[in-house]
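Worksheet: one structure, shown below.
What follows is calculated from the coordinates using simple rules that are stated; it is not laboratory data. On a predicted model such as this, the values are computed, not experimentally measured, just so you know. Reconstructed Cβ throughout: ideal geometry from the backbone, glycine too, with neighbour counts over all protein chains shown.
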Amino acid sequence: MAQAAEQMLDRWSGGVCPFEAGWRKVMMWAFIITDGLLFAGLLGSYGYARIMSARWPDQAAVFDLRLIALMTFILISSSATMANAVGAARDEGARRSVSLRWLLLTILGGAAFLGMQAYEWTHLIGAGARLDGNPWGDPLFASYFFILTGFHGTHVLIGVIVLTALAIRWQKRLASREGVELAGLYWHFVDLVWVFIFTLFYLV
Amino acid sequence: MVAKAGLLLRPRLYWATWLTLLALTVVMLVADGLSVPRLAFLVVVLSAMLVKASLIGAHFMHLRFERLPLALTVIVGLLLTGVILFALIAPDAVRIAAMSHR
């Protein structure tokens, strides 16, 4: 017991990495936690509005679930390609082109997701959805739609920009392996948030 | 050492995770299409959502291969705050809905 306590003190007394991760990675995790809490707040307030609303519209009547399912498929697939990009980048025996190829596929997936989201927004705005009202019921329905998907879409857009810059830098041997891993953490976080939005906003 | 080894190429794990995520998404969509009781539907889709989130965190974000203090910092930080948010807000929302229907 005393030995275990001593070992813990050694690990946390400074001069070592208690998480066995570089400071950039720890900071990326700190960012992900704070950004996650932001989305938790948004989804929490959405839940509040949803429970107290007497006339929340039926999502199946408003959204084309086939399109949303396709968007989900693309984002999940882009997460898998990103994981492979990180794996290939960390493998010192692998050629840089392998990781680059997975990165480009991820960017393609992100761009496709954004294109479909733009189509969905255009379609709903054309049908009368506005930030302060909509033809289907509770005005908060459209407000939360634009805020939740808009906030998430902005994250995807930032991810696509970051990944594009990373791919160029990786090709020019200016980006580090850790840089690819950090970009991967961000991209998986964006996918993770979509899992919650897809379930709580589009299905439940 | 385990953490470092875990972060090396693991294509089989990534694609297995991808397939599981897709399968769970299909289950959720099928549950949405079927006219199952509301409570059963909620249990299915919310469970699938939590499993999907765990898989992404554990395998794609490599939390499973990180040191336990880092994984716990992330999981407890996010989960605890999320639970507190919903547990504190939801009863109020139900109460206000009941009051507005009087």
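Would you tally the residues in the range A:66-76 being surrounded by fewer than 22 Cβ atoms within 10 Å (Cβ to Cβ) and at the interface with another protein chain (Cβ under 7 Å from one of its Cβ atoms)?
2
Just to be sure I understand, how many residues within the range A:39-49 are at the interface with another protein chain (Cβ under 9 Å from one of its Cβ atoms), crowded, with 18+ Cβ neighbours inside 10 Å and either more than 27 Å from residue A:187 (Cβ to Cβ) or not small (Gly, Ala, Ser) (or both)?
2
Restricting to the range A:56-65, and then to whatever is in contact with a helix residue (DSSP H, G or I) (Cβ under 9 Å, 6 or more places away or on another chain) and more than 8 Å from every other protein chain (Cβ to nearest Cβ), can you tell me which residue is farthest from residue A:111 (Cα to Cα)?
A:56
State yes or no: is residue B:27 more than 24 Å from residue A:40 (Cα to Cα) and either more than 10 Å from chain A (Cβ to nearest Cβ) or in a loop (DSSP other than H, G, I, E, B) (or both)?
It is true that residue B:27 is more than 24 Å from residue A:40 (Cα to Cα) and either more than 10 Å from chain A (Cβ to nearest Cβ) or in a loop (DSSP other than H, G, I, E, B) (or both).
Give the residue that is nearest to the chain's Cα centre (by Cα), with candidates limited to residues of the range B:39-92 that are touching a residue at least 24 places away in the same chain (Cβ under 8 Å) and not in a helix (DSSP H, G or I).
The qualifying residue nearest to the chain's Cα centre (by Cα) is B:62.
Does residue A:194 satisfy the criteria of being of a type in the set (A, V, I, L, M, F, W, C) and more than 13 Å from every other protein chain (Cβ to nearest Cβ)?
no
This table checks each residue for (1) buried (at least 20 other Cβ atoms within 10 Å of the Cβ); (2) of a type in the set (A, V, I, L, M).
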{"site": "A:147", "(1), (2)": "no, yes"}
{"site": "A:152", "(1), (2)": "yes, no"}
{"site": "A:156", "(1), (2)": "yes, yes"}
{"site": "A:162", "(1), (2)": "no, yes"}
{"site": "A:169", "(1), (2)": "no, no"}
{"site": "A:173", "(1), (2)": "no, no"}
{"site": "A:178", "(1), (2)": "no, no"}
{"site": "A:181", "(1), (2)": "yes, no"}
{"site": "A:188", "(1), (2)": "yes, no"}
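For the range A:145-158, give me each residue that is closer than 18 Å to residue A:44 by Cβ and in contact with a Leu (Cβ under 8 Å, 6 or more places away or on another chain).
Within the range A:145-158, A:145, A:146, A:147, A:148, A:151 meet the criteria.
Which count do you get for residues in the range A:50-64 that are in a helix (DSSP H, G or I) and surrounded by fewer than 17 Cβ atoms within 10 Å (Cβ to Cβ)?
2
Can you report the number of residues in the range A:86-101 which are within 10 Å of chain B (Cβ to nearest Cβ) and either buried (at least 20 other Cβ atoms within 10 Å of the Cβ) or part of a helix (DSSP H, G or I) (or both)?
So the count comes out to 6.
Among the residues of the range A:111-120, is any of a type in the set (S, T, N, Q), crowded, with 17+ Cβ neighbours inside 10 Å and not in a helix (DSSP H, G or I)?
Looking for residues that are of a type in the set (S, T, N, Q), crowded, with 17+ Cβ neighbours inside 10 Å and not in a helix (DSSP H, G or I), one finds none in the range A:111-120, hence no.
Only one residue in A:105, A:200 is within 14 Å of another protein chain (Cβ to nearest Cβ), crowded, with 16+ Cβ neighbours inside 10 Å and out of contact with any Gly (no Cβ under 9 Å at 6 or more places or on another chain), so which one is that?
A:105
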